[in-house]
Amino acid sequence: MTRIYDISQTIRPGIPVWPGDRSFALNRTWNIEPGCPVNVSELVMSTHTGSHADSRLHFDEQGVDCAATPLDAYIGPATLIDLSAEVPSGGLVEPRHLEGKLPARVERVLIKLFDRFPHEGWDPKFPAMHPDSIQLLADRGCKLIGLDVPSLDPQDSKTLDAHFKVDATGMAILEGLVLDNVPTGDYELIALPLKIEGADGSPVRAVLRSIP
Ligand SMILES: N[C@@H](CC(=O)c1ccccc1NC=O)C(=O)O
Ligand SMILES: [Zn+2]
Ligand SMILES: [Zn+2]
């Protein structure tokens, strides 16, 4: 039997967001009451809330938005590896961390970096990716990288070296995935960004389906 692992954060009031970014709110526009048969709400949120995809527009003014982002990278075989014991807080994933854990060819890689996902707070020292590791993934045929941490680059990065390396190699990006409670190994990933014109990122409902 196939099993579905939900690897999405629950989007909710108080969900941790990038320091200074808009906090999440769900506001009722209409309530069920005499004369009104429905509840309807508006969403207020950053495009980088929770488990999300970055479009190229996030770090390249000429890059495509979410509506124009090709979807093939976001559906298909994915390998989950766990580097949470290898890469320290504030550290970078280096090629030596990946070499022993990766198959020779890999289409999509999900990397667990948090020991336990910080659902209730923001960890400013989250580990991130060395750009050479992005190149190594690209050399092995990788078209999507997914992380549990909120960004490929460290929080204080002004140069976004890993993001730009991803751009140069044509990879897709998922961030803020919840990779606790999923065994390492091979799955089918499904995590589609919403078709929002002008959006530099989009929340996704990310799932891993076990391979029968
Ligand atoms: N690079 C991060 C997000 C990011 O950098 C960010 C997100 C929201 C508000 C400000 C941000 N960066 C500011 O320098 C990401 O890829 O999601
Ligand atoms: Zn992002
Ligand atoms: Zn990013």
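The values are calculated or read from the model by the stated rules, or taken from the named source; none is laboratory data. Every value quoted in this text rests on a predicted model; they were computed, and no experiment measured them. FYI the Cβ positions are ideal-geometry reconstructions off the backbone, even for glycines, and counts take in every protein chain you see. Keep in mind that these areas ignore ligands, DNA and RNA; they rest on the heavy atoms of the full protein, side chains included. Shrake-Rupley method; radii C 1.70, N 1.55, O 1.52, S 1.80 Å.
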Report summary line: Considering only strands (runs of 3 or more DSSP E) wholly within region 31-94, the ones with at least 1 residues that are under 26 Å from Arg116 (Cα atoms), at pLDDT 95 or above and open to solvent by 70 Å² or more (accessible area, probe 1.4 Å) are 75-82
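So, in region 171-204, exactly how many residues are over 14 Å from Asp82 (Cβ atoms) and surrounded by 14 or more Cβ atoms within 10 Å (Cβ to Cβ)? Break it down into steps so the answer makes sense when it comes.
Applying the first criterion (over 14 Å from Asp82 (Cβ atoms)) to region 171-204 yields 171-176, 188-204.
Of the ones still in play, those that are also surrounded by 14 or more Cβ atoms within 10 Å (Cβ to Cβ) are 171-176, 188-194, 196, 199-204.
So the answer is 20.
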Requested in this report: Inspect all residues belonging to region 33-46 and state whether any of them is among the polar types (S, T, N, Q) and free of Cβ contacts under 8 Å to residues at least 12 places away in the same chain.
Outcome: yes
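If I ask for residues that are surrounded by fewer than 21 Cβ atoms within 10 Å (Cβ to Cβ) and not in a loop (DSSP other than H, G, I, E, B), which ones from region 98-114 would you list? Spell out the reasoning first.
Filtering region 98-114 for residues surrounded by fewer than 21 Cβ atoms within 10 Å (Cβ to Cβ) gives 99-107, 114.
Across region 98-114, the qualifying residue is only Glu99.
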Query raised in the report: For Asp132, which of the numbered conditions (1) open to solvent by 70 Å² or more (accessible area, probe 1.4 Å); (2) part of a loop (DSSP other than H, G, I, E, B) fails to hold?
Result: (2)
Query raised in the report: Consider Lys143 against the criteria (1) away from ligand 2 (no atom under 16 Å from the Cβ); (2) of a type outside the set (Phe, Trp, Tyr); (3) surrounded by fewer than 17 Cβ atoms within 10 Å (Cβ to Cβ); (4) more than 19 Å from Ser8 (Cα to Cα): it satisfies all of them except one. Which criterion is unmet?
Result: (3)
Report summary line: By residue number, the members of region 142-182 that are free of Cβ contacts under 8 Å to residues at least 12 places away in the same chain and either away from ligand 1 (no atom under 12 Å from the Cβ) or assigned to a strand (DSSP E or B) (or both) are Ala168
Query raised in the report: Which of the residues spanning region 24-58 are among the polar types (S, T, N, Q) and under 17 Å from Ala199 (Cα atoms)?
Result: Ser46, Thr47, Thr49, Ser51, Ser55
Query raised in the report: Do we have any residue at all in region 117-126 that's farther than 23 Å from Val182 by Cβ and within 16 Å of ligand 3 (Cβ to nearest atom)?
Result: yes
Report summary line: Given the conditions (1) open to solvent by 50 Å² or more (accessible area, probe 1.4 Å); (2) within 10 Å of ligand 3 (Cβ to nearest atom), every one holds for His163 apart from (1)
